[in-house]
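This report concerns only the one structure given below.
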Amino acid sequence: AQTVTQSQPEMSVQEAETVTLSCTYDTSESNYYLFWYKQPPSRQMILVIRQEAYKQQNATENRFSVNFQKAAKSFSLKISDSQLGDTAMYFCAFMDYGNKLVFGAGTILRVKS
Amino acid sequence: EAQVTQNPRYLITVTGKKLTVTCSQNMNHEYMSWYRQDPGLGLRQIYYSMNVEVTDKGDVPEGYKVSRKEKRNFPLILESPSPNQTSLYFCASSLRFGGATSQYFGPGTRLLVL
C-alpha cells in the first residue's frame, strides 16, 4: 500500500521569505500523481499544485513550485515570497490511476509578519 | 458556479442515532468519494463511487454506508454512529475514474458524536 510521510508537523516563516515543506512517499507504481493541498482555517481543501510522475519537469504555480525527485520518492513544496494568507495546513497527497488520494499527516505553516 | 456541496456543515448527535450527510456536485462528475480527517492522520478514504450504482470500500469503511442512485448525489450514511466517528468529513468528486483528473472537495462536515 502507498504511504505518504510529512516529517515536519509545524513550520514557520517570515513574511516575504521562502519556505520548503517536505514530503516523501512509498509506492511500487511507476505512473502516479502527486499533489499539494492547502487547508486554511476555513477547513476548505484547496489544490495548490499537481505533478504527473511521468513528467521530469517540476510543476510551478505562481509562487508555488515543487522539487520532484522520482528515484528518491520525494516531493517537496517551495513557497516563495510567503504571504500571511499562506498560513494553513498543507497536505501532500499521492494518487494512482485508481483515483484514491493517500494523504500525509499534514504540516502546519505559520507565516509571521 | 462549479462546486461540491455538503449538508449539514456541522452536526452534533448521540450514539446510535442514524444520520445522513449529503453530498452533491453540479459538474457532471462520474467519480465521487468520501474522506474523513483526523488529527495526525491526514485524510483517509471511506468509500468511493466510479459511477451511478457503482460503489466500493476505501480504507476505513467500517460503520458507514453510501449509495449512488443519481450521478450528482453521494450521501454518507451512519446507521449507528459511535464516538470514534467524530471527525471532519469531506466529499470529493472528479470528472472520471482514472488518475488524470484532479479532485474537487466540498467544504467539509464537522461531526461530533456524544
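Spin-label model, B:Asp38/B:Leu112: points 7 Å from Cα along the beta carbon direction are separated by 1.9 nm. Relative contact order, whole percent, for segment A:42-113 stands at 20, derived from Cα pairs under 8 Å and 6 or more residues apart. Coupling constants for segment B:28-42 follow from the phi torsions by the Karplus curve (6.51 cos²θ - 1.76 cosθ + 1.60, θ = phi - 60°), and in residue order they are 6, 6, 7, 9, 9, 8, 10, 10, 10, 10, 10, x, x, 10, x Hz; glycine and proline get x. With each label modelled as a point 7 angstrom along the Cα→C-beta vector, the A:Glu17-B:Arg9 pair spans 3.5 nm.
By the gyration tensor of its Cα atoms, with a ≥ b ≥ c the square roots of the eigenvalues, what is the shape of segment A:39-113: rounded for a/c under 1.5, prolate for a/b over b/c, or oblate? The shape class here is oblate.
Starting from the Cα coordinates of the protein assembly as shown, work out the convex hull volume and express it per residue in Å³. Please list the in-between numbers first.
Working: hull volume 27.7 nm³, N = 227.
For the protein assembly as shown, the hull spanned by Cα atoms encloses 122 Å³ per residue.
The region of chain A that goes longest without hitting one of the chymotrypsin sites (Phe, Trp or Tyr not before Pro) in a DSSP loop, each with at most 16 other Cβ atoms within 10 Å, is A:1-53. With the cut-off at under 20 Å, measuring from each backbone N in segment A:8-42 to a point 7 Å along the Cα-to-Cβ line of A:Leu84 picks out A:11-19, A:39-42. Normalised by residue number, the volume inside the convex hull of the Cα atoms of chain B is 95 Å³ per residue.
Give, as a single signed number, the net charge of other residues whose beta carbon lies under 11 Å from the beta carbon of A:Gln51, with Lys and Arg counted +1 and Asp and Glu -1.
Values: positive: A:Arg50, A:Lys55, A:Lys70; negative: A:Glu52, A:Glu61.
Once all neighbours under 11 Å are counted, the net charge is +1.
Once the piece of chain linking A:Lys70 and A:Leu47 is laid out straight, how much longer is it, given 0.36 nm per residue of separation minus the C-alpha distance between them?
Details: separation 23, 0.36 × 23 = 8.28 nm, distance 2.09 nm.
Value of the extension gain: 6.2 nm.
How far is the Cα center of segment A:1-16 from the Cα center of segment B:47-114, in Å? When both Cα centres are located, 26 Å separates them. Charge tally for A:Phe64 (other residues, Cβ to Cβ under 14 Å; Lys, Arg +1; Asp, Glu -1): +1.
Bear in mind these aren't lab numbers, they're just calculated from the coordinates by the rules spelled out. From a predicted model like this one, the values you see are computed outputs, not experimental measurements. We place every Cβ from the backbone using ideal geometry, glycine too, and count neighbours over all the protein chains shown.
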